[in-house]
Amino acid sequence: MRPIATLLIACTFLFYSCQKDETDDNAIKSQAEYFPNSLGSYWKYQRQDHLTDTYDTISVTIIGDTMVANEDYSVWEYDYGTRIDSAIFYRSDFNFMDKLYVMPFELGLEWKTTPFAPDTSYVSAIETLLIVGNTYEDVAKIERSTWGFNYSLEESHWIKPGIGLAKYQIHRINLGAQIDETWELIDFHIQSP
């Protein structure tokens with residue numbers, strides 16, 4: 001009886017250890033679905049500064065890739081009209097300024113960016129968004145709130161699967177300096193991977 005029990009335990013262990021863990025594949029698929037990351041993709045936003053009541057445009061383009069710690073990462077270029085910034089997406093330890101998304105986005109899903117308990121995000125709606133005559137359906141609205149000493153932040157992100165960021169609102173006070181802006185997607189092109 002003991003050899004049969006040992007054989008059953010060994011077979012069970014072997015069966016479970018040989019199964020493919022689909023959690024990581026689903027997370028990658030979900031991330032790629034929400035945030036396209038292909039070379040040549042671009043997004044153009046109309047930005048309204050609510051403090052000065054001015055408008056301008058911001059263009060975001062994936063211009064290349066680079067290696068960081070033996071891993072490939074995309075280089076995103078932000079053209080603000082008066083200056084150009086490049087951002088390399090990479091993994092890092094979170095600080096209170098980082099955004100954290102928990103996917104897939106489901107209505108009511110809430111999460112905290114640890115270890116800072118006051119930094120909370122949640123999916124407040126899955127809705128249809130109308131921007132400059134374009135209709136986007138099944139858009140997840142993520143609302144984020146955080147604060148600290150002489151700092152407060154209220155953000156809303158509208159994420160459209162297959163497109164990425166469709167709309168963004170931010171109200172931030174940092175040591176008295178304020179930002180109060182809305183970005184709306186006015187043009188985009190998603191390059192096939």
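The values are calculated or read from the model by the stated rules, or taken from the named source; none is laboratory data. Keep in mind that what you see is a predicted model, and the values were worked out from it rather than measured. In this analysis, Cβ positions are derived from the backbone assuming ideal geometry, glycine residues included, and neighbour counts consider all displayed protein chains. Heads up: the accessible areas ignore ligands, DNA and RNA and are worked out on the full protein's heavy atoms, side chains in. Shrake-Rupley method; radii C 1.70, N 1.55, O 1.52, S 1.80 Å.
Please work out which residue is nearest to Gln169 (Cα to Cα), limiting yourself to region 30-83 and to residues that are hydrophobic (A, V, I, L, M, F, W, C) and open to solvent by 40 Å² or more (accessible area, probe 1.4 Å). This residue is Leu51. I'd like the full set of residues that are more than 14 Å from Lys160 (Cβ to Cβ), loosely packed, with under 12 Cβ neighbours inside 10 Å and at pLDDT 90 or above, limited to region 111-131. Within region 111-131, no residue meets the criteria.
In the set Ile159, Ile186, only one residue is part of a strand (DSSP E or B) and open to solvent by less than 30 Å² (accessible area, probe 1.4 Å); that residue is Ile159.
Only residues that are among the β-branched types (Val, Ile, Thr) and in a loop (DSSP other than H, G, I, E, B) were counted in region 36-82, giving 2.
For region 162-183, which positions are open to solvent by 70 Å² or more (accessible area, probe 1.4 Å) and either outside any strand (DSSP E or B) or of a type in the set (Ser, Thr, Tyr) (or both)? Once the filter is applied, which keeps residues that are open to solvent by 70 Å² or more (accessible area, probe 1.4 Å) and either outside any strand (DSSP E or B) or of a type in the set (Ser, Thr, Tyr) (or both), region 162-183 yields only Leu175. Any residue at all in region 13-27 that's closer than 28 Å to Tyr151 by Cα and either modelled with pLDDT under 85 or outside any loop (DSSP other than H, G, I, E, B) (or both)? No; the residues of region 13-27 include none that is closer than 28 Å to Tyr151 by Cα and either modelled with pLDDT under 85 or outside any loop (DSSP other than H, G, I, E, B) (or both).
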